[in-house]
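Asker: Submitted below is the structure of interest, expressed as structure tokens.
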Amino acid sequence: VNYREQGVTVTQTTPHQPDAAEQQAREQALTDEVVASFATSTSDRYRELMTSLVRHLHGFARDVRLTHAEWESAIDFLTRTGQKCDERRQEFILLSDVLGLSMLTVGINAPASEGATESTVFGPFFVDDAPEIPQGGDLAHGAKGTPCWVSGQVRSSDGTPLAGVRVDAWEADEDGLYDTQYEGNRTAGRGWQTTGPRGEYRFWSVQPVHYPVPDDGPVSEMLAAAGRRPMRPAHLHFKVTAPGHRTLITHVFVAGDEYLDRDAVFGVKQSLIAEFTEHTGGTAPDGTTRDGRWAQVEFDLVLQILKG
Ligand SMILES: [Fe+2]
């Protein structure tokens, strides 16, 4: 049929292309629908958390115009992060640490308060079943390194010594590795003890060294892609728990370490840097005669009183 001859006008129709405003409205409608799906949450806090999470996640995807390939890559990254975790490896905590989320959460929940020791990241290397170390005992337990005498007082932010409270400590050896990073189930460079009558704690350990975060997982790929250094400045971890006080999770950092101003997990606070004095031979604070090099640090741990 020849329409022209019959005087019929033919118009070609193309699919409707939404304009920017329409596209934005559609995306917002989806976000609103997902947010609304949490209205029936069984707890108010859960609803608050999930609706805010959805808004921010959607906002992120819209902001960067997330491609399907990028979405797939993110799913793969998170899947591999989870697969890297087991009872001795916590790649998700490491991810949170290098994104600064751990330090932000510390800052929100344990703000610096007058007179109390500041908090920092928990890190991925704590284990629950560390051995008990007597006062003056050796926490190194075969971990390689320069022997280091670690001592101090645990007290309350009102100045009262805290006797009989648990102090956990853990650290890497001189090769920069935690015991959990070795094959097998060795326990070294970690332990806990109970403070003495004047709140004192004291033990032998090894001089902390700076170390790279684990380099065999997706988090190290992320750091490499960002051109970021994977290093943590030398430190010893502490966790102190006492009734009526906020649990203190912190480190003591070694003064003079070259990575103090570029910690991969943003954990350094000036008040947590202490002088580790180095010695050769002589008599140690516990009265033992030492051959060769050893070090010493004194670091008090002051816990914030919980109100109410
Ligand atoms: Fe550490």
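Rule-based calculations on the coordinates, nothing more; no lab input. Note that the coordinates shown come from a computational prediction; the quantities given were computed from them, not determined experimentally. Cβ atoms come from the backbone with ideal geometry, glycine included; neighbour counts cover every protein chain shown.
Asker: Can you tell me, using C-alpha contacts under 8 Å and at least 6 residues apart, the relative contact order of the chain as a whole percent?
Answerer: Computed over the chain, the figure is 19 percent.
Asker: While we're here: Where a Cα-Cα gap under 13 Å defines reach, which aspartates and glutamates qualify for Lys307, not counting those fewer than 8 residues away within the same chain?
Answerer: Cα-Cα hits under 13 Å: Asp158.
Asker: For His251, His16, which order do you get if you count the other beta carbons within 10 Å of each Cβ and list the fewest first? Mind showing how you got there, number by number?
Answerer: Numbers: His251 28, His16 7.
Ordered from fewest to most neighbouring Cβ atoms within 10 Å, His251, His16 come out as His16, His251.
Asker: While we're looking at this one, here's another question. Compute the length gained on full extension between Asp286 and Asp216: take 0.36 nm times their separation in residues and subtract their Cα-Cα distance, giving the result in nm to one decimal.
Answerer: Between Asp286 and Asp216, full extension yields an extra 21.2 nm.
Asker: What would the Debye formula give as log10 I(q)/I(0) at q = 0.10, 0.11, 0.14 Å⁻¹ for the alpha-carbon point model of the chain, no solvent?
Answerer: The computed values of log10 I(q)/I(0) come out as -0.69, -0.80, -1.13.
Asker: Listed highest first by mean packing, meaning other Cβ atoms within 10 Å per residue, what order do 162-169, 102-109, 60-67 come in?
Answerer: 162-169, 102-109, 60-67
Asker: I want the antiparallel fraction of DSSP beta bridges within the chain, as a percent rounded to 5.
Answerer: Close to 75 percent.
Asker: For a quick check of your reading of the filter: which chymotrypsin sites (Phe, Trp or Tyr not before Pro) in the stretch 214-308 sit in a DSSP loop and have no more than 11 other Cβ atoms within 10 Å?
Answerer: Loop-located and lightly packed - none at all.
Asker: Show me, for the stretch 161-171, the HN-Hα J-couplings you get by feeding each phi into the Karplus relation (A = 6.51, B = -1.76, C = 1.60, θ = phi - 60°), rounded to Hz, glycine and proline as x.
Answerer: Going residue by residue, I get x, 9, 8, x, 9, 8, 10, 9, 9, 7, 7 Hz, with x marking Gly and Pro.
Asker: Another question, if that's okay. Would you pull out the residues with amide H under 5 Å of Ala163's amide H, same chain only if 5 or more places away, H placed 1.01 Å from N?
Answerer: Long-range HN contacts for Ala163: Gly199.
Asker: If you don't mind, there's one more thing I want to ask. For Asp300, enumerate residues with amide H under 5 Å from its amide H, sequence gap 5+ or separate chain, H modeled in the peptide plane.
Answerer: The answer is Gln153.
Asker: Another question, then. List every residue whose amide H lies under 5 Å from the amide H of Asp173, counting only residues 5 or more places away in sequence or on a different chain, with H placed 1.01 Å from N in the peptide plane.
Answerer: Those lying under 5 Å, H to H, from Asp173 are Tyr178.
Asker: Using only C-alpha positions, report the orientation-averaged shadow area of the convex hull of the stretch 1-146, nm², one decimal. Each step should come with its number before you reach the end.
Answerer: Values: hull surface 80.0 nm².
Averaging across all directions leaves 20.0 nm² for the Cα convex hull.
Asker: For the residue pair Leu104 and Val64, what label-to-label distance in nm results when each label sits 7 Å from Cα along the Cα-to-beta-carbon direction?
Answerer: 1.4
Asker: Oh, and also: Which whole-Hz couplings ³J(HN,Hα) result when phi for each residue of the stretch 56-72 is put into the Karplus expression 6.51 cos²θ - 1.76 cosθ + 1.60, θ = phi - 60°, listed in order with x for Gly and Pro?
Answerer: Result, rounded to whole Hz: 6, 5, 5, x, 4, 4, 6, 4, 8, 6, 4, 8, 5, 4, 5, 4, 4.
Asker: Excluding residues fewer than 8 places away in the same chain, name every one of the aspartates and glutamates whose C-alpha is closer than 13 Å to that of Lys239.
Answerer: Qualifying aspartates and glutamates at Cα under 13 Å: Glu118, Asp128, Asp168, Glu171, Asp300.
Asker: Counting each DSSP H run of 4 or more residues in the chain as -39500 (n - 2.57), what helix-only mean residue ellipticity at 222 nm follows after dividing by all residues, to the nearest 500 deg cm²/dmol? All intermediate terms of the calculation are to be shown ahead of the outcome.
Answerer: Values: 6 runs with 80 residues, N = 308.
My calculation for the chain gives -8500 deg cm²/dmol from helical runs alone.
Asker: With no solvent and one equal point scatterer placed on each C-alpha of the stretch 95-252, evaluate the Debye formula and give log10 I(q)/I(0) for q = 0.09, 0.14, 0.20 Å⁻¹, two decimals.
Answerer: Computed log10 I(q)/I(0) values: -0.31, -0.75, -1.35.
Asker: Got a sec to turn the phi values of the stretch 94-110 into Karplus ³J(HN,Hα) couplings, 6.51 cos²θ - 1.76 cosθ + 1.60 with θ = phi - 60°, whole Hz, x for Gly and Pro?
Answerer: 4, 4, 4, 4, 6, 8, x, 5, 5, 5, 5, 5, 4, x, 6, 9, 10
Asker: What does the charge count near Gly137 come to, summing +1 for each Lys or Arg and -1 for each Asp or Glu among other residues with Cβ under 12 Å from its Cβ?
Answerer: Once positives and negatives cancel, what remains is -2.
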